[in-house]
Structure formats: C-alpha cells, structure tokens
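Here is the structure we will look at.
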Amino acid sequence: VVKMIPDNRLPPRHLHAVRTGKTSAVIKWESPYDSPDQDMLYAVAVKDLVRKTDKIYKVKSRNSTVEYTIKKLEPGGKYHVIVQLGNMSKESSMKINTVPLSAPDALKIITENDHILLFWKSLALKESNFNESRGYEIHMFDSLMNITAYLGNTTENFFKVSNLKMGHNYSFSVQARCLYGGQMCGEPATLLYDELGTGTDSSATQSGRGTDVAAIVVPVLFLLLVTLGIGFVVLYMRHRRLQNSFTAFANSHYSSRLGSAIFSSGDDLGDEDDEAPMITGFSDDVPMVIA
C-alpha cells in the first residue's frame with residue numbers, strides 16, 4: 001500500500017467540468033493528496049475572458065473529491081478557472097464555455113413590392129435570461145457573390161430588408177445580439193430566400209415534403225385495401241352462387257331409386273323422352289340377342 005505524504009504545496013488533481021449550462025458550471029477536482037485529515041481551504045478563481053473581470057470563491061472541504069458549482073455566469077461566455085489551496089500553492093486550471101442563448105423560433109419572410117420583412121417570435125418567451133432591450137442582430141449571406149453582410153440590429157420582432165438583387169439567393173440569420181466585441185452571441189436562426197421571393201426554412205421544407213408524401217400514400221393504400229376487400233366479397237359471393245346452383249342442379253337429377261344423380265350430355269339437356277323406357281340393366285340368365 002502506497003500512501004502519499006501530505007504536502008500543501010501540491011496542486012489539486014484531476015480538475016474538470018462535470019456540467020456546463022447557460023449561467024452556471026459544475027466543476028470537480030481531487031485533493032492534492034489522499035485522505036486529508038483536516039479541512040482544506042481552496043481558492044477558486046474565475047476569470048471572464050470576454051469582460052476581463054475576475055471573481056474568487058473560497059471552498060472548504062475535507063473530502064478527497066470536491067464538487068463546486070460556479071454561478072452567475074453569462075450565456076455564451078468564455079471563462080478561465082483556476083483552483084489552488086488557500087496558501088497560494090501550485091494551481092490547476094481549465095477553460096469552460098457556457099451554453100449560448102437559443103435561436104429565435106418561427107423565423108418567417110413576408111414579401112412586399114420592393115422589400116421583404118423578416119418576422120420571428122420573441123426570444124424572451126423561452127429564455128428567462130434574455131431581455132428584449134438587448135435586441136437581435138441580422139446577417140445576410142449572398143450565395144452568388146459568396147459575401148456575408150451585417151444588416152443591423154433591432155429590439156423589435158421584425159426587420160425590413162431592401163435592395164435585393166434579382167437572380168440572387170440569400171440566407172438570413174437572426175440571433176440574440178452579440179456583446180463585447182462580437183462575443184457572447186446567441187444561436188442563429190437561418191432562413192433561405194430564393195430569387196423568386198419565397199422564403200423556405202430547411203426544417204419546414206422537410207416536414208412539408210414528409211406531410212405531402214403521407215397525404216398521397218395514405219389514401220392510395222386505403223383505396224387498395226378497399227378494392228381488395230370488395231374483390232374478396234365478389235369472389236366469395238360468386239363461389240356461393242356456383243355452389244348453390246350446382247347443388248340445386250344435382251338435386252334435380254337425383255334418382256331415389258338408383259341412389260345417385262343421372263347427368264346426360266349437353267345435347268340432351270332439357271329433352272325428355274317419356275316413351276323410351278329406361279334400361280336399368282341385364283340379368284345373367286337372359287341371353288342378349290343382337291339383330
């Protein structure tokens with residue numbers, strides 16, 4: 001058995017992020033040596049790489065494994081985390097990025113005579129950390145010219161776009177406005193716009209195509225099943241009629257004296273000769289004379 005010698009100059013071990021959210025992050029590390037026999041005071045320094053600010057938190061624990069939640073972070077932020085003992089011993093560090101704000105929902109395009117209007121749902125409906133005063137920023141990508149342009153920002157839920165060129169295909173993106181030099185941005189919602197003036201969302205197009213295919217396939221399958229059902233009913237009825245006709249025909253030609261049914265050829269069907277006696281057979285003791 002090997003046991004580490006207690007040394008308060010050693011750094012914390014195995015520092016890593018367990019979970020990262022929009023405004024918080026859970027970090028975890030191990031003590032500098034196994035099985036501490038007293039409370040250990042750690043200093044957790046959080047450096048905001050975007051705002052250029054620092055915060056220091058103190059954590060006291062006697063456990064070999066320590067878990068700590070860093071709160072009051074910003075969505076889409078970048079941070080440098082340093083953990084060391086309170087006596088300013090050697091340090092362990094790592095970088096974490098928080099989850100950015102979601103993309104706006106229901107991005108749509110309405111075409112006017114000489115311009116288009118972009119519409120979307122308010123991001124505050126699903127993001128409690130978003131304030132409408134922050135606003136949105138709009139970008140446009142021209143696939144023909146291979147150019148991305150920043151169109152501006154707005155605190156409203158719509159934006160007017162003019163001076164579009166015929167024959168060009170555009171992609172518009174709307175996201176929560178970026179902070180501090182183009183950082184801490186929200187996820188963009190993207191919409192394609194072709195030269196015919198129709199806006200199409202890729203996800204909406206796929207779902208629409210799936211719906212159209214289902215609308216065609218389901219009625220066709222239903223008609224096939226109905227047709228097959230009718231066909232089986234018709235065949236069954238014809239089979240019953242044929243069976244009943246044959247039974248009636250056989251019963252009409254049944255001879256109770258002979259114990260069997262008598263059938264004639266097709267030429268004799270329907271002809272009855274009452275004068276000609278029916279030959280039933282010959283006896284063995286009567287000679288047969290042939291003229």
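The values are calculated or read from the model by the stated rules, or taken from the named source; none is laboratory data. Given the structure is predicted, the values throughout are model-derived calculations rather than measurements. Note: ideal-geometry Cβ built from the backbone for every residue, glycine included; neighbour counts use all protein chains shown. Accessible surface areas use protein heavy atoms only, side chains included; no ligands, DNA or RNA. Shrake-Rupley method; radii C 1.70, N 1.55, O 1.52, S 1.80 Å.
Cross-link partners among lysines for K60, C-alpha distance below 18 Å, same-chain residues fewer than 8 apart left out?
Leaving aside lysines fewer than 8 places away in the same chain, those within reach of K60 are K28, K71, K90.
Loop only by DSSP, 13 or fewer other Cβ within 10 Å of the Cβ. Give me the trypsin sites (Lys or Arg not before Pro) in the range 46-84 that pass, ordered by residue number.
Hits after loop and neighbour filter: K52, R62, K71, K72.
Given a 1.4 angstrom probe, what's the average accessible area per residue across the range 105-193, in square angstrom?
Accessible surface, normalised per residue, equals 56 Å².
Taking θ as phi - 60°, what are the ³J(HN,Hα) couplings along the range 94-110 by the Karplus curve (6.51, -1.76, 1.60), each to the nearest whole Hz, with x for Gly and Pro?
Per-residue couplings from phi come out as 7, 10, 10, 10, 6, 6, x, 5, 5, 7, x, 8, 6, 6, 10, 10, 10 Hz.
Under 1.5 on a/c is rounded, so check that first for the range 1-126, then, if it is not, pick prolate when a/b is larger than b/c and oblate when it is not; a ≥ b ≥ c are the square roots of the alpha carbon gyration tensor eigenvalues.
Prolate shape, in that a/c is at least 1.5 and a/b is the bigger ratio.
Pairs of Cα atoms under 8 Å, at least six residues apart: use those to get the relative contact order of the range 105-193, whole percent.
Relative contact order comes out at 28 percent.
For the range 1-77, what is the accessible area per residue in Å², given a 1.4 Å probe and the full set of protein chains?
Dividing the accessible area of the range 1-77 by its residue count gives 63 Å².
Taking all protein chains as present, what is the carbon and sulfur share of the accessible area of the range 105-193, in % to the nearest whole number, probe 1.4 Å?
It is 51 percent, rounded to a whole number.
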